[in-house]
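Quick note: the coordinates plus some simple rules give every number you see, no bench work behind them. Every value quoted in this text rests on a predicted model; they were computed, and no experiment measured them.
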Amino acid sequence: MSKKKFTVIAIAVAMIFASATHAFAADIIDTATASGSFNTFVAATKAAGLTDTLKHQGPFTVFAPTDEAFAKLPPETLNALMKDKVKLAQVLSHHIVPGRILVAEVKPGPTKTVDGSSITLTSDNGKITFDNANVIQSDLVADNGVIQAIDAVVLPK
């Protein structure tokens with residue numbers, strides 16, 4: 001095989017690989033769904049009308065409550081939230097921070113969320129908290145951000 005023909009084949013293979021990896025890219029919603037731990041969060045995101053934002057915008061850091069975190073809410077609170085699209089969007093937006101923050105990059109202190117309110121991040125010997133919620137699974141990287149799994153739903157004040 002000539003060197004020129006080999007180069008053309010190598011470029012073609014690289015282009016196919018690049019397009020294939022882009023086709024399978026995972027946004028925040030796809031990453032949360034694939035995890036299997038955020039079914040309630042994904043359903044709430046759909047109910048609140050935030051799915052497109054978390055699929056196509058960013059980067060964001062989502063401090064996403066796990067299914068177990070949502071289960072800690074009184075059933076009447078969760079049911080009321082799921083029926084009130086505006087309030088649900090406020091609660092979910094309170095869990096989203098602009099930019100991509102990996103656990104190793106957490107700067108302790110007040111941090112603005114996309115709803116305009118402020119939460120407090122702490123970092124103590126690798127233990128990260130988001131207000132009073134603990135990060136229990138970290139750095140689930142997506143194309144348009146990162147998910148930090150937390151063990152509680154943090155309601156805005």
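Quick notes on this structure:
- DSSP beta bridges fully contained in the stretch 52-157 are about 75 percent antiparallel.
- log₁₀ of I(q)/I(0) at q = 0.14, 0.15, 0.20 Å⁻¹ - the stretch 25-157, Debye sum with one point per alpha carbon: -0.54, -0.63, -1.19
- Each part gets one Cα centre, and for the stretch 30-70 versus the stretch 80-157 those centres are 12 Å apart.
- When the Cα gyration tensor is reduced to axis lengths a ≥ b ≥ c, the ratio a/c is 1.5 or higher for the stretch 67-106, and with a/b not above b/c it is classed as oblate.
- Computed Rg/Rh of the stretch 100-154, alpha carbon atoms with Kirkwood Rh: 0.93
- Unsatisfied cross-links (Cα-Cα over 31 Å) in the set Lys85/Lys127; Lys83/Lys112; Lys83/Lys107: Lys85/Lys127; Lys83/Lys107
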